[in-house]
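Notes for the one structure printed next.
The values are calculated or read from the model by the stated rules, or taken from the named source; none is laboratory data. Predicted model, so just to flag it, every value in this text is computed and none were measured. With ideal geometry, Cβ positions are generated from the backbone for all residues, glycine too; neighbour counts draw on all protein chains shown.
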Amino acid sequence: MTGCKTAPSEHLRQVPKEQRRGIDGRVLVFGTTGDRRTLACLAPANTALAQELLAKFGKSPPTGLFLELTLPVGSGRNKANVLAALRMIHAGGLHASCRRNNQGVLIPYQATNGGGYTLEALLGITPNGNSEPDYLGWEIKGHSSNRVTLMTPEPNGGFYGERGVREFVEHYGHEVNDGGMYFTGGHNVGVRCVATGMTLQVSGFDPAAQKLLDVGGAVRLVDAAGNEAASWAFAQLLTHWTRKHAFAAYVRYTAQKMPIAYRYDTPVLMGEHTDFGKFLNALCSGAIVFDPGSKVTQARTTQSKVKARSQFRIKTKDLGLLYQVLTAESIAG
C-alpha cells in the first residue's frame, strides 16, 4: 500500500511489541481485478467486517499464508447462463469444426484436435494466452476421453527454463522415424518414468498435512543424474490455477471424422471453488499426471519446427479432488 494517497495510516501502525496479545483484530484484504490491478481494504479492529472475516478464519484456516475468500462469481446466475449456452450447443447436434481468429471471426478448422476450439468458438471465445477464465467467469474444458488436460504451463526453471523447449527436447527427448525428436511419457510424483528416466517431485508442500511449507517451492522434473531438467515455481502455478480454474465446466464431446464435426454431450461436470492446495494434493497423490507432448520436427536441420506441450492431466473420475463442489448437470432438453 506504499504510495497510496488514501491508505488509512492511523490503522496501519505497528502495535508495540509490549502491547501485543495474539491477533490484534485488524484484517487486511487483497483482491485483483481483470485488468491486473491489486485492491486492498483494511478492516479496523472490532468493525463488523473484521469480526466476520476473523470468524471465517477460525472456521476455515488457510492452507498457506492467506485465507482465500471465494466470491460467488461462478454460482447463481452465471452458472445458469453457462448451462443455458451449453444447452443450446447440445441441442444443435453436430457442429462443423471451427475456431475464431484473432479478430474474433469464425473460420473453419481442419485439424483433428478441434473439439475444444469449436466449443470455444460456439461460445464466442477467441483463443488467447491470458490467465482469465473463458466464459462468464468459468473455464470451459472440452474433452473426448476419460482424461482431461487441466493446464499447459511452460517450465520457468531448470534446464528447460534456461535453454528453452528446443534444446530441452533435443537433449532429453527420443528420436522417431520421421527425423523428429519427442519428449513424452506420463510422470507421477515420486515415481521414475520409464520412458524418460525422470522423476517428478514437489518441493515445499506437505501432502500429509495438505499444507504449503514454502511459498518459494516448486514442482520439479529431475533426471536420472539428479539434475533439475525442468521446474515450475509455485508462484507461477498458483496464479494460473486460482485465477483461471476457480470455476470450471468439463464438457465431453464425440467427433465425426468426415467431415470433421463435434457433438457436445450431457451431462456437464461443473466444478466450483478450488485452491492451490487441492491442486498440489492431487498432484502428490498421483491423480494429476505430467504428460508432455513437446516435439521438434526435422530436428537439427534448418527446417526444424518446435511445438511446446507441457500438460498436466487428470481422469474425470478424480475431478472431485480439485473442487469443494463438483456436480453433473444435464444440458439435455
(message) G161 - would you say it is touching a strand residue (DSSP E or B) at 6+ places or on another chain (Cβ under 9 Å), surrounded by fewer than 18 Cβ atoms within 10 Å (Cβ to Cβ), within 23 Å of R243 (Cβ to Cβ) and modelled with pLDDT of 95 or more?
(response) yes
(message) Of everything in the stretch 170-204, what is under 21 Å from the mean Cα position of the chain (by Cα) and among the polar types (S, T, N, Q)? Give them in sequence order.
(response) T184, N188, Q201, S203
(message) Consider the stretch 32-51. How many of its residues are modelled with pLDDT of 75 or more and either exposed (fewer than 10 other Cβ atoms within 10 Å of the Cβ) or over 20 Å from E68 (Cβ atoms) (or both)?
(response) 8
(message) So L122 passes all but one of these: (1) under 21 Å from the mean Cα position of the chain (by Cα); (2) under 30 Å from M88 (Cα atoms). Which condition number does it fail?
(response) (1)
(request) State which residue is surrounded by the most Cβ atoms within 10 Å (Cβ to Cβ) when the search covers only the stretch 271-318 and only residues that are of a type in the set (D, E) and modelled with pLDDT of 95 or more. (result) D291
(request) Kindly indicate which of V219, V215 is under 18 Å from the mean Cα position of the chain (by Cα) and assigned to a loop (DSSP other than H, G, I, E, B). (result) V215
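Give, as residue ranges, the strands (runs of 3 or more DSSP E) completely inside the stretch 237-320 that count at least 3 residues that are hydroxyl-bearing (S, T, Y) and in the same structural domain as A218 (by TED's automatic domain parsing).
In the stretch 237-320, the matching strands (runs of 3 or more DSSP E) lie at 247-256.
Pick from V29, V15: which is over 30 Å from P259 (Cα atoms) and modelled with pLDDT under 75?
Working: V29 fails: modelled with pLDDT under 75.
Among V29, V15, only V15 is over 30 Å from P259 (Cα atoms) and modelled with pLDDT under 75.
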(message) Exactly one condition in (1) crowded, with 19+ Cβ neighbours inside 10 Å; (2) assigned to a loop (DSSP other than H, G, I, E, B); (3) of a type in the set (V, I, T) is false for V148; which is it?
(response) (2)
(request) May I ask you to list pairs of residues, at least six apart or on different chains, whose Cβ atoms are under 7 Å apart, with the first in the stretch 236-253 being among the basic types (K, R) and the second being assigned to a strand (DSSP E or B)? (result) K244/E139; R252/H143
(message) Looking only at the stretch 165-212, how many residues end up being at pLDDT 95 or above, of a type in the set (A, V, I, L, M), in a strand (DSSP E or B) and outside the structural domain of S285 (by TED's automatic domain parsing)?
(response) 1
